[in-house]
Amino acid sequence: MLYSLARPLLFQLDPERAHGSAMRALDLAYRVGLTSLIACRCPASPRKVMGLEFPNPVGLAAGLDKNGEHVDALSDLGFGFLEIGTVTPRPQPGNPAPRMFRLVQARAIINRMGFNNAGVERLLSNVSRARYRGILGINIGKNFDTPLERAAEDYLYCMRKVYAAASYITVNISSPNTANLRQLQQAGELDRLLGALIAERRKLADQHGKRVPIAVKIAPDLTQPDIAGMAALFVQYGIDAVIATNTTVSRKGVEGMRDADQAGGLSGAPLMVPSTEIVRQLAAALAGRLPIIAVGGILSGADAREKLAAGASLVQLYSGLIYEGPALVGKVAEALATDNS
């Protein structure tokens, strides 16, 4: 109810500025104990995925809290897990503004943020101060100026840094907003990267006395042969989960709308169908050998049910929160709890 009153005001602001204002308001609500006024209660609906116990299957997608600055306030909305980042080894400003655009008619967003973040050290400092003790995924990427042939160095650096703090680590090779990043999804590049990550994980597991799951986040703009090849490599290397999907470079469903031709990744309602189709194809290729976390276009409980029906075990939200507000978390959790009863 409160968000329905605030949304018209927020939508008068530049999207990036509105995001900052909304997060500051959420932090304030958390500090004064009023989060319950903007969120719905989430029923317990435990799931075991990647060897982790999730209190409910509804998570926060990476990108909303890039630096882990709002972990406690976000956790109070009822999420079963949070994913923060994408974080890079060194701080970077991202792409020039304006770099985020609302397509309100389509309930969609285009962004070309470009992994803007304060660097892995700042993220870890923020996480160390948080009270949250639930499942925390940390999404890692490469700096924009790191050559592709040295990309693994950035991922390994971040992995070493976040290993002790993360419940699971997500390897982001699918953002369309860092030049050539998606080339890491190609068979040869992916083979080398996964090999390096898994070898390093073995060392870190011995060092820290715990095995932290690794997830890989993929794009929606993939062919069926692409998916089959990637699935085979994920199984071969013992990756623990696949997150499907990132934003799309397609403009299907938003043609002719204002700002539809802006460069960047499209998210929100138009991503629901193509992203779910990737989940379906991926589930068929994996044949139950590892779980899928579905993200893309979830704006209702029915959308989330469709993701699970396609083969996902968990879901994540981002753009839906912009259009539907924080109460979406509870609504989706309720819908999935009913399905699990």
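Numbers below:
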{"item": "Residues being under 18 Å from residue 90 (Cβ atoms) and assigned to a loop (DSSP other than H, G, I, E, B) - total across the stretch 141-179", "result": "11"}
{"item": "Filtered residue count, the stretch 247-304, keeping only those that are of a type in the set (D, E, K, R) and closer than 28 Å to residue 49 by Cα", "result": "4"}
{"item": "Neighbours by Cβ (under 6 Å, 6+ apart or cross-chain): first from the stretch 83-102, modelled with pLDDT of 95 or more; second acidic (Asp, Glu) and in a loop (DSSP other than H, G, I, E, B)", "result": "84/65; 101/259"}
{"item": "Meets criteria (more than 23 Å from residue 107 (Cα to Cα) and out of contact with any Ser or Thr (no Cβ under 8 Å at 6 or more places or on another chain)) for residue 41", "result": "yes"}
{"item": "Search result, residues across the stretch 249-281 that are free of Cβ contacts under 8 Å to residues at least 60 places away in the same chain and touching a strand residue (DSSP E or B) at 6+ places or on another chain (Cβ under 8 Å)", "result": "250, 251, 274, 275, 276, 279"}
{"item": "Within the stretch 100-139, considering residues that are in contact with a helix residue (DSSP H, G or I) (Cβ under 7 Å, 6 or more places away or on another chain) and in a loop (DSSP other than H, G, I, E, B), the one nearest to residue 177 (Cα to Cα)", "result": "107"}
{"item": "Candidate set: the stretch 244-275, residues that are within 19 Å of residue 300 (Cα to Cα) and among the aliphatic types (A, V, I, L, M); chosen: the one surrounded by the fewest Cβ atoms within 10 Å (Cβ to Cβ)", "result": "273"}
{"item": "Any chance residue 173 is out of contact with any Lys or Arg (no Cβ under 8 Å at 6 or more places or on another chain) and modelled with pLDDT of 95 or more", "result": "no"}
{"item": "Number of positions in the stretch 317-335 that are crowded, with 24+ Cβ neighbours inside 10 Å, touching a residue at least 60 places away in the same chain (Cβ under 8 Å) and assigned to a helix (DSSP H, G or I)", "result": "5"}
{"item": "Answer residue from the stretch 22-79, given it is within 17 Å of the chain's Cα centre (by Cα) and of a type in the set (Val, Ile, Thr) and is farthest from residue 338 (Cα to Cα) among those", "result": "71"}
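Every residue, every condition in (1) surrounded by 14 or more Cβ atoms within 10 Å (Cβ to Cβ); (2) over 19 Å from residue 65 (Cβ atoms); (3) within 15 Å of the chain's Cα centre (by Cα); (4) without any contact (Cβ under 8 Å) to a residue 12 or more places away in the chain, yes or no:
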site	(1), (2), (3), (4)
126	yes, no, no, no
131	no, no, no, no
156	yes, yes, no, no
167	yes, no, yes, no
175	yes, no, yes, no
181	yes, yes, no, no
189	yes, yes, no, no
193	yes, yes, no, no
198	yes, yes, no, no
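The values are calculated or read from the model by the stated rules, or taken from the named source; none is laboratory data. As the structure is a computational prediction, the values presented were derived from the model and not from experiment. Every residue, glycine among them, receives a Cβ derived from its backbone with ideal geometry; neighbour counts consider all protein chains shown.
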